[in-house]
Amino acid sequence: MFRAILYLLITIFLITIVRAVVGVILKGFSELVSPGHQRRATARGPSDGEIPLTGELKKDPVCGTYTAAATSIKQTFGKETLYFCSPQCRDKYVALH
Ligand SMILES: [Zn+2]
């Protein structure tokens, strides 16, 4: 009877160890994989940063998106210069006015 309990305890102990080992291995794998993701994420960062951090933000009158004056689509209507996020928005504005 005692032996049965001992075997049970050993089994539980072994399962715990195996789980811990598997957990460490899985963690190791995820850490092997995730730095690549992080690198890709940081690689994406500077390209987002290319959208000028300096410079004026202009509101697209069609969709309401704020775009940097330097990268937006400029269109002059009489005296007014408007800035659009995309040619589609500009075309919409032109169609409406
Ligand atoms: Zn827009």
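If you go through the stretch 49-62 one residue at a time, do you hit one that is open to solvent by 80 Å² or more (accessible area, probe 1.4 Å), modelled with pLDDT under 80 and in a helix (DSSP H, G or I)? No, because not a single residue in the stretch 49-62 is open to solvent by 80 Å² or more (accessible area, probe 1.4 Å), modelled with pLDDT under 80 and in a helix (DSSP H, G or I).
Quick grid of which residues meet (1) modelled with pLDDT of 90 or more; (2) of a type in the set (Asp, Glu); (3) within 15 Å of Cys85 (Cα to Cα):
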| residue | (1), (2), (3) |
| --- | --- |
| Ala4 | yes, no, no |
| Leu8 | yes, no, no |
| Gly28 | no, no, no |
| Ile73 | yes, no, yes |
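Looking only at residues in the stretch 76-96 that are under 28 Å from the mean Cα position of the chain (by Cα) and not in a helix (DSSP H, G or I), the one that is farthest from the ligand (Cβ to nearest atom) is Tyr83.
The values are calculated or read from the model by the stated rules, or taken from the named source; none is laboratory data. Remember, predicted model here, so these are calculated numbers, not experimental data. Note: ideal-geometry Cβ built from the backbone for every residue, glycine included; neighbour counts use all protein chains shown. Surface accessibility is based on the protein's heavy atoms, side chains included, excluding ligands, DNA and RNA. Shrake-Rupley method; radii C 1.70, N 1.55, O 1.52, S 1.80 Å.
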